[in-house]
1. For region A:1-70, which strands (runs of 3 or more DSSP E) that fit wholly inside it have 2 or more residues that are among the hydrophobic types (A, V, I, L, M, F, W, C) and farther than 29 Å from A:K149 by Cβ?
2. Which condition breaks for A:A95 when tested against (1) buried (at least 18 other Cβ atoms within 10 Å of the Cβ); (2) among the aliphatic types (A, V, I, L, M); (3) away from chain B (no Cβ under 13 Å)?
3. Are there any pairs, at least 6 apart or on different chains, whose C-beta atoms fall under 9 Å, with the first in region B:52-66 and in contact (Cβ under 8 Å) with a residue 60 or more places away in the chain and within 13 Å of B:I136 (Cβ to Cβ) and the second outside any strand (DSSP E or B) and open to solvent by 50 Å² or more (accessible area, probe 1.4 Å), and if so, which?
4. Please state which of the following conditions B:I91 fails to meet, knowing it meets all the rest: (1) under 21 Å from A:K172 (Cβ atoms); (2) touching a residue at least 40 places away in the same chain (Cβ under 8 Å).
5. Scan region B:24-57 residue by residue and report those that are aliphatic (A, V, I, L, M) and within 8 Å of chain A (Cβ to nearest Cβ).
6. Restricting to region A:128-170, what's the tally of residues that are at the interface with chain B (Cβ under 8 Å from one of its Cβ atoms), aliphatic (A, V, I, L, M), free of Cβ contacts under 8 Å to residues at least 40 places away in the same chain and surrounded by fewer than 19 Cβ atoms within 10 Å (Cβ to Cβ)?
7. So A:P72 clears everything in (1) surrounded by 23 or more Cβ atoms within 10 Å (Cβ to Cβ); (2) of a type outside the set (S, T, Y); (3) within 12 Å of chain B (Cβ to nearest Cβ); (4) closer than 28 Å to B:A167 by Cα except one condition, right? Which one?
8. Report whether or not A:V83 is crowded, with 17+ Cβ neighbours inside 10 Å, more than 8 Å from chain B (Cβ to nearest Cβ), at pLDDT 95 or above and touching a Ser or Thr at 6+ places or on another chain (Cβ under 6 Å).
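The values are calculated or read from the model by the stated rules, or taken from the named source; none is laboratory data. As the structure is a computational prediction, the values presented were derived from the model and not from experiment. We place every Cβ from the backbone using ideal geometry, glycine too, and count neighbours over all the protein chains shown. In case anyone asks, the SASA skips ligands and DNA or RNA and just uses the protein heavy atoms, side chains included. Shrake-Rupley method; radii C 1.70, N 1.55, O 1.52, S 1.80 Å.
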2 protein chains.
Amino acid sequence: MKPLALSKVYQLLEPGPVVLLTTARKGRANVMTMSWHMMVEFEPPLVAGVCSSANYSFDALHTTGECVIAVPARRLAAKVVKVGNASGREIDKFAAFGLTPLPAERVKPPLIKECFANLECKVIDRRLENRYNLFILEVLKAWIDPAQKNPKTIHHHGYGKFVVDGAAITLKSKMR
Amino acid sequence: MKPLALSKVYQLLEPGPVVLLTTARKGRANVMTMSWHMMVEFEPPLVAGVCSSANYSFDALHTTGECVIAVPARRLAAKVVKVGNASGREIDKFAAFGLTPLPAERVKPPLIKECFANLECKVIDRRLENRYNLFILEVLKAWIDPAQKNPKTIHHHGYGKFVVDGAAITLKSKMR
C-alpha cells in the first residue's frame, strides 16, 4: 500500500462502489459490507456512512469512533457478499473469508490487504447517529495499492445483484 | 412515466449513479448535477444529499424544502456535464440543454422526461444543513420510464471522467 493524497479520496467513493468497513474493539477486528455512503467534503475528505444498529459493527463504531473504509475490486465480489451475509458476533470474518488485516497508521481498525484502497477514518459528527445510524467520518490517511491497475469496482442493486464498472468516458468539464 | 413502488427506490440510488436534482422557486424551475447522495432508509425511502451552498439550487432547496432526483442513463451524459457546468443564475438549463420538465404529483419541482427514473422528495431533516450542506430527503413518490430498458447509469470519478455500468453479476445473497 502506498499513501494517496487526501485531495484524491473523493474520486474513489464518489462513483458509489460497494465498500468494506473494518472496526476494532477490545483487541478484536471485524468487517462489514456497506453500500450506503457518500462524499460530504473534498478536503479534508469527509464521508457520510450508514451502519445499521442491527450490525455487530455498529457498537464498535459507536464506542471507538474509528473505522477503515476499504474498497474492493471485482475479484473480491464473492467475498464481499460473504462478509455481508455473516456476522462478527459469530465468526472471525477475516479468517473465514481469507481477508488479510494490515495495521493502519492513525486508527486501530485494520486495513485490508486485498482491497485496492484503504481509508483510515474517525467519526467527527454523531448528530444523526440516533435517528438514522448515520455517521460523519473524516478520512485521516488514505492508501492505494499500486499493484492493482485500473481496478473495476462493483455497485449493488439489491439482493446480490451487482453491476461491474464498464467503459470509462471522459467529457470536457470544469466540475471537480 | 409509471409509478414505482417506494420499496424499490434504493435499487436505483444504492449503486451510486450521477443524478440530476430539480428545484422550483418563484415559479421558475432549475436543475443541477449531483453525485454526493446515498440511501439512508429503505421504506419510506430516505436519501441524504449534499448540495453546495455555492450552487444556485441550494437556496431553492433550503427555502422550499422540495426537489426531484432524476436518474439519467448513459445517453444523457453530455447533457449531465453541461448541466453541471452551467448555473441557473444565468440561464434556463432545461431550454438550453433540451431537457423536458414534466409536472410532478407531490412537489412543485418538475420531473425530467428524458431520465429513466424520477423521485419526488421533501426535506425532512436539516440538522446537518449548515455545517455540511447535507439534507435528509424523504421520497414521496417514485416514477420509472418503462420505455427505457436496462438503462446504464454513469458514475463520476472527477473532472468529467465517468465510468458507465458494465456487466451485471448475481451472487447468492440474503442481503436486501
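1. Where strands (runs of 3 or more DSSP E) fall fully within region A:1-70 and carry at least 2 residues being among the hydrophobic types (A, V, I, L, M, F, W, C) and farther than 29 Å from A:K149 by Cβ, they are A:46-50.
2. A:A95 satisfies every listed condition except (1).
3. The qualifying pairs are B:L61/B:N55.
4. Answer for B:I91: the failing condition is (2).
5. Here is the first cut: in region B:24-57, the ones aliphatic (A, V, I, L, M) are B:24, B:29, B:31-32, B:34, B:38-40, B:46-48, B:50, B:54.
Passing the criteria: B:M38, B:M39, B:V40, B:L46, B:A48, B:V50.
6. 3
7. Among (1) surrounded by 23 or more Cβ atoms within 10 Å (Cβ to Cβ); (2) of a type outside the set (S, T, Y); (3) within 12 Å of chain B (Cβ to nearest Cβ); (4) closer than 28 Å to B:A167 by Cα, the lone unmet condition for A:P72 is (3).
8. Numbers: crowded, with 17+ Cβ neighbours inside 10 Å: yes; more than 8 Å from chain B (Cβ to nearest Cβ): yes; at pLDDT 95 or above: yes; touching a Ser or Thr at 6+ places or on another chain (Cβ under 6 Å): yes.
Yes; evaluated as a whole, the condition is true for this residue.
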